[in-house]
Amino acid sequence: MVNKLENMARPCFKIEREFPEPLAGVDEAGCAPLAGPVVAAAVVLDRSRFPRGLDDSKVVPVKERESLYARLQVQARIGVGIASVEEIESLNIYWARMLAMTRAVEALGFDPEFVLVDGNACPRWSRPSKAIVAGDAKCRSIAAASIIAKVTRDRIMAEYCAQYPGYGWSSNKGYPTPDHRKAIARLGITPLHRRSFAGVREYVPDLVTLAAE
């Protein structure tokens, strides 16, 4: 009985079927971390041929996420958009997220008939779209985008970890975990840290000086 209920709760095409195809699901990864970019993905699924087990990337185990990512590369049309740390700082994290999602849809290389966006708002674009709160837990297309965005960003942070050792980014992905916070206090900040974020700005020399004046 439990398994049946779990399967019923997984993302499906119920919401997508209300809209024209091709339909793109859009989601992002990396709004909360103290370091690294925001990564968004746009995914157009073939509803007759898609990986089973798609779900919100936060509840999918790492190995399964990697497997789904690999299968989506073959079975879906994908666009990825990134907003850099510099853009996060200049725009703020909300608008950087919107920018990354816009870039992800543009990276598809064609205009989908409709876009479903995870969250409570869509970017300021003219394309037909709708925001779905907790969409990655409801819509397969958004769940697929969640997987692509998460795996892509995790791989980026693993590469940065080699460049800036000591912060544990291969495991914490730049999120404000205790080990990451301790590393910042011990080693200072890097160019990849978001200087306006609490947990980082107190270690920015210019901001510390201004606060003391």
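The values are calculated or read from the model by the stated rules, or taken from the named source; none is laboratory data. Note that the structure is a prediction, hence the values are computed from the model and not measured. So basically every Cβ, Gly included, is an ideal-geometry build from the backbone, and we count neighbours across all protein chains shown. Note: accessible area is taken over every heavy atom of the protein model, side chains too, but ligands, DNA and RNA are not part of it. Shrake-Rupley method; radii C 1.70, N 1.55, O 1.52, S 1.80 Å.
Of the residues examined, Arg17 is not one that is surrounded by 14 or more Cβ atoms within 10 Å (Cβ to Cβ) and assigned to a helix (DSSP H, G or I).
Against the conditions (1) outside any helix (DSSP H, G or I); (2) over 22 Å from Gly36 (Cα atoms); (3) of a type in the set (A, V, I, L, M, F, W, C), Ile142 satisfies every one except (1).
Evaluate the following for Lys63: is it at pLDDT below 95 and either in contact with a Cys (Cβ under 9 Å, 6 or more places away or on another chain) or open to solvent by 70 Å² or more (accessible area, probe 1.4 Å) (or both)? It is false that Lys63 is at pLDDT below 95 and either in contact with a Cys (Cβ under 9 Å, 6 or more places away or on another chain) or open to solvent by 70 Å² or more (accessible area, probe 1.4 Å) (or both). Within the range 156-169, can one find any residue that is touching a strand residue (DSSP E or B) at 6+ places or on another chain (Cβ under 8 Å), in a helix (DSSP H, G or I) and under 24 Å from Arg10 (Cα atoms)? Among the residues of the range 156-169, not one is touching a strand residue (DSSP E or B) at 6+ places or on another chain (Cβ under 8 Å), in a helix (DSSP H, G or I) and under 24 Å from Arg10 (Cα atoms), which makes the answer no. Number of residues in the range 20-49 that are buried (at least 21 other Cβ atoms within 10 Å of the Cβ), touching a Pro at 6+ places or on another chain (Cβ under 8 Å) and farther than 15 Å from Val117 by Cα equals 3.
Here Ile189 fulfils each of the conditions (1) open to solvent by 60 Å² or more (accessible area, probe 1.4 Å); (2) without any contact (Cβ under 8 Å) to a residue 24 or more places away in the chain; (3) more than 20 Å from Val26 (Cβ to Cβ) apart from (1).
Considering the range 33-124, the qualifying helices (runs of 4 or more DSSP H), each wholly inside and each with 2 or more residues that are within 17 Å of Glu16 (Cβ to Cβ) and either within 17 Å of the chain's Cα centre (by Cα) or not aliphatic (A, V, I, L, M) (or both), run over 62-75. Across the range 144-186, the qualifying residues are those that are aliphatic (A, V, I, L, M), more than 17 Å from the chain's Cα centre (by Cα) and open to solvent by 40 Å² or more (accessible area, probe 1.4 Å), and the one among them that is nearest to Val59 (Cα to Cα) is Ala162.
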